[in-house]
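FYI, it's all coordinate maths here, none of it is from the lab. The structure displayed is predicted, hence computed values, not measured ones. Using ideal geometry, Cβ is built from the backbone for each residue, glycine included, and neighbour counts are taken over all protein chains shown.
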Amino acid sequence: MGIARAMLVAALVALPGAARAHGDAGKQGKAAAAQPMVETGFGRTGDPRKAARTVRVDMSDKMRFSPDAITVKQGETVRFVVRNSGKTMHEMILGTRKELTDHAEMMKKHPGMEHDEPYMAHVGPGKTAEIVWQFTKAGEFYFGCLMPGHFEAGMVGKITVR
Ligand SMILES: [Cu+2]
C-alpha cells in the first residue's frame with residue numbers, strides 16, 4: 001500500500017459515513033473486507049450501497065467477454081458480477097486502453113506478478129466475483145483479461161461513459 005493511499009484510507013476511516021464497501025462485496029477468495037478507496041483516471045472505488053445497476057459479465061475460454069461493450073452514465077456506480085464459465089483462470093481489469101496494454105506487457109515479463117485492486121476481479125473456473133466501481137469521468141475505457149496471451153487474443157471490452 002502506497003503512502004498516499006494509506007493516508008486516503010486513514011482519512012476515510014476517520015470520516016463517519018464515508019463510502020466503504022460492504023462485507024458481502026468482498027472478492028472471491030478473500031475474507032469479507034472493505035475495498036480500499038482508489039481514485040483513477042477512469043473512476044473510483046464504488047460504494048455497494050449506491051450500485052443501482054448490476055451488469056453481468058461472462059468470461060469464456062474463447063477469450064471473450066460477454067457483453068463486450070457497456071455504456072454507463074457519468075457518475076453511475078455499477079456492480080459487475082463477473083462469471084468465469086471457462087476451465088482456465090480469467091480476470092476482468094478496468095482501465096484505459098494504454099494502462100491495459102502496458103499491464104499486459106508487464107504480465108508477459110513477470111507472469112507470476114501479484115496484483116489486486118478494487119477495479120480487478122480474478123476469477124477461477126466456474127466461479128463468480130464482483131467489482132463495484134463508480135465511473136466519475138466521461139470517455140472511453142476498457143476492460144481486459146491480462147492472463148498471459150488472453151488480452152492479445154482479443155479478451156477485451158469497451159466501456160463508454162457519457
Ligand atoms: Cu482470460
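Taking the stretch 117-140 as the region of interest, how many residues are within 12 Å of the chain's Cα centre (by Cα) and within 17 Å of F42 (Cβ to Cβ)? I'd like the intermediate steps shown before the answer.
Narrowing the stretch 117-140 to residues within 12 Å of the chain's Cα centre (by Cα): 117-123, 129-135.
After this cut, where a residue has to be within 17 Å of F42 (Cβ to Cβ) as well, the list is 117-121, 131-135.
Here the count works out to 10.
For M113, the test of being without any contact (Cβ under 8 Å) to a residue 12 or more places away in the chain, part of a loop (DSSP other than H, G, I, E, B) and within 16 Å of the ligand (Cβ to nearest atom) is passed.
Of the residues K158, K137, K108, which single one is touching a residue at least 12 places away in the same chain (Cβ under 8 Å), more than 11 Å from the ligand (Cβ to nearest atom) and assigned to a loop (DSSP other than H, G, I, E, B)?
Of the residues listed, the single one that is touching a residue at least 12 places away in the same chain (Cβ under 8 Å), more than 11 Å from the ligand (Cβ to nearest atom) and assigned to a loop (DSSP other than H, G, I, E, B) is K137.
With respect to (1) within 16 Å of the ligand (Cβ to nearest atom); (2) out of contact with any helix residue (DSSP H, G or I) (no Cβ under 9 Å at 6 or more places or on another chain), the lone exception for T45 is condition (1).
For the stretch 90-103, the candidate set comprises residues that are of a type in the set (A, V, I, L, M) and touching a Cys at 6+ places or on another chain (Cβ under 9 Å); within that set, the residue that is farthest from K127 (Cα to Cα) is I93.
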